[in-house]
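Q: To start, I am sharing the structure in question, which I have written as structure tokens.
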Amino acid sequence: ERIVLENDDWVVLVPYWAFWPYETIVLPKKPERNSCIKRLTDLKEDEETSLADAMKRLTAKYDNLFKCSFPYSMGFHGAPTGSRLNSDNDHWTLHAVYYPPLLRSATVKKFVA
């Protein structure tokens with residue numbers, strides 16, 4: 001099973017294309033909305049709160065798994081803004097990716113970024 005955790009609005013899972021150990025992706029669970037969530041600015045207040053909950057739970061799982069304050073690289077990917085704000089962005093879905101470091105030894109970590 002690839003699902004790490006979920007709540008009413010978000011699911012955190014290991015994507016089938018994961019390249020790095022412990023890589024996860026955070027995706028919205030609201031297909032019934034008229035349009036998919038494309039940008040952080042599209043979130044309603046309750047979705048922001050549940051996203052924060054999912055992120056906090058995920059990072060706690062990383063910390064508990066490795067029994068330390070676990071470093072990671074994380075980024076959000078959303079639809080274009082600026083001059084491309086009104087272009088055809090229907091294929092976009094807001095998501096976040098977590099890339100933990102590759103543990104090379106107890107003292108040396110290798111980061112993806």
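Q: Can you give me the long-range amide H partners of Val11? Hydrogens built in the peptide plane at 1.01 Å from N, cutoff under 5 Å, separation of 5 or more residues or another chain.
A: Leu27, Lys29
Q: Treating only the Cα positions of region 3-109 as identical point scatterers, give the base-10 log of I(q)/I(0) from the Debye formula at each q in 0.10, 0.18, 0.19 Å⁻¹.
A: Taking Cα atoms of region 3-109 as identical point scatterers yields -0.33, -0.93, -1.00.
Q: Further question on the same structure: Please report, as a whole percent, how much of the solvent-accessible surface of region 39-108 comes from carbon and sulfur atoms (probe radius 1.4 Å).
A: Looking at region 39-108 in its full context, I get 52 percent from C and S.
Q: Using a 1.4 angstrom probe, figure out how much accessible area region 3-109 has per residue, in square angstrom, rounded to the nearest whole.
A: Normalised by residue count, the accessible surface of region 3-109 is 63 Å².
Q: Using amide H atoms built 1.01 Å from N in the peptide plane, name the residues 5+ places from Ser73, or on other chains, whose amide H lies under 5 Å from its own.
A: Residues meeting the criterion, in which the H sits 1.01 Å from N, are Tyr99.
The values are calculated or read from the model by the stated rules, or taken from the named source; none is laboratory data. If you're wondering where the values come from, they're calculated on a predicted model, not measured in any experiment. SASA here: full protein model, heavy atoms, side chains in, ligands and nucleic acids out. Shrake-Rupley method; radii C 1.70, N 1.55, O 1.52, S 1.80 Å.
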